[in-house]
Amino acid sequence: MTARNLTTRAGVINPHQLFDLSQEDTDSFSHLKSVLADGQLFRYVESDRESANTLVERHFAEHFRKERAVAVANGTVGLRLALRALGIGPGHRVAVNAYAFIACAMAISATGAEPVPVDMGGSVLSMDADALEKSVGHLDAVLLVHVQGHALAAGPIRAVCDRLGIPMIEDVCQALGAGSSEAGAGRVGDVAVTSFQQAKQISSGEGGLVAGSDEVIERVYRLSDLGAVRQENGLPDWDHEDALIGDNLRMTELQAALVMDQAVRLEDTLARQRERRSRLRAGLSDIPVIESENPAEDAGSHTLVLARDTAAAEEFRVELARRGVLARPVWKKSWVEYGLYRREFASGAPAGPWPGKAVGLASRILSIPTSKYVTDSAVDQVAEAIAAGRQHLTQDR
């Protein structure tokens, strides 16, 4: 499928999907071909073929520089399993970016723990380390969320966690392959969680992965595999003293094969996205964008801009849409503002300081995606559309 066909189908010249199987040369997808050839779609393969799930787990354990990894059903499940494996449950409190997808807070709530929002720091995409350290009440863990291909500086947050003696989880679902000036996303925390959902750097429609220490990942593995202890012959053992109550949250072989075929091409994907983003940025000239801590190591998948106010954000979105360009709020509001959490919090708001900066900016932050498939001419059209709507944007940060 050509870029022109993609534009016709999606209605925009820069669709949010970063991976489109119909645009790939599937003859080169060796892992997918192997799975299709033997027809075994369950992760426990009954043949000489090594499980694609195992290959994915080994690959990303090395990528995140962790002892081990396990593939799971999706990124949200991965967060919940990671929290449970770290012992998080009722009565515990977990700090998380106020500016993050609601699923991050939901994963915490699903364990019975309380999500504690932490506001932005000096930069729009940061978590305020000082605010974290001064959080009202005790903390039992921190969940740091990287945003739209932009890796946050995790070092200051890690330092706070070390001083408090609590674990740190990195949500790398939107920033696989991105890096700050300190390290790659997912390499600073105790646990890294990523996603393979449709709009991610690597996609199998759904799917996710958790990486960490052997002890933590063994527990994640069991929790996602109906609590069983796997014997040497691969069969489940529920009589084993280490068996526990778990759930069926595994990833299929078909998904894992798609992930593995993209994983070996990740650096090329990132290079192409960064090249697209660089061309776009050159076309924007002096139009302000929201920078990450280390722009050169962004995933290159999205360019973020800040509108003057919420109304201007909508006007900017509509104006670009008329030109066939996709621009949309990353999240229309911070997760603490949704009615769901207004009802969850006894007083209608979380304990501690209200995350005013995140609440004030969330609806004004817009994302413009540039996948590896977008042509030079399409990138130029995106730049022209942004320039035409620049009156809706602000220089303030």
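The values are calculated or read from the model by the stated rules, or taken from the named source; none is laboratory data. What you see is a predicted model; the values in this text were computed from it and never measured. All Cβ positions, even for glycine, are placed from backbone atoms using ideal geometry, and neighbour counts span all protein chains on display. The protein model used for the area step is the full one, side chains on, heavy atoms only, and it has no ligands, DNA or RNA in it. Shrake-Rupley method; radii C 1.70, N 1.55, O 1.52, S 1.80 Å.
The figures follow:
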quantity	calculated
Selection count where residues are open to solvent by less than 30 Å² (accessible area, probe 1.4 Å), outside any strand (DSSP E or B), out of contact with any Leu (no Cβ under 9 Å at 6 or more places or on another chain) and under 22 Å from D298 (Cβ atoms), scope region 196-219	0
Subset tally (residues that are open to solvent by 40 Å² or more (accessible area, probe 1.4 Å) and more than 18 Å from the chain's Cα centre (by Cα)) for region 81-111	7
Helices (runs of 4 or more DSSP H) fully within region 333-397 counting 2 or more residues that are touching a Leu at 6+ places or on another chain (Cβ under 6 Å) and surrounded by 15 or more Cβ atoms within 10 Å (Cβ to Cβ)	376-388
In region 239-291, residue farthest from the chain's Cα centre (by Cα) [restricted to those that are among the small types (G, A, S) and open to solvent by less than 70 Å² (accessible area, probe 1.4 Å)]	A243
L235 vs. criteria modelled with pLDDT of 95 or more and either more than 23 Å from the chain's Cα centre (by Cα) or buried (at least 22 other Cβ atoms within 10 Å of the Cβ) (or both)	no
Any hit, region 187-195, residues being assigned to a loop (DSSP other than H, G, I, E, B), crowded, with 22+ Cβ neighbours inside 10 Å and of a type in the set (S, T, N, Q)	no
Enumeration of residues in region 154-179 that are open to solvent by less than 10 Å² (accessible area, probe 1.4 Å), assigned to a loop (DSSP other than H, G, I, E, B) and either in contact with a helix residue (DSSP H, G or I) (Cβ under 7 Å, 6 or more places away or on another chain) or of a type outside the set (V, I, T) (or both)	A154, A175, L176, A178
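Let's see how each residue does on (1) of a type in the set (D, E, K, R); (2) on the phi > 0 side of the Ramachandran plot:
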position: E297; (1), (2): yes, no
position: L304; (1), (2): no, no
position: R308; (1), (2): yes, no
position: R323; (1), (2): yes, no
position: V330; (1), (2): no, no
position: R342; (1), (2): yes, no
position: G352; (1), (2): no, yes
position: G356; (1), (2): no, no
position: G360; (1), (2): no, no
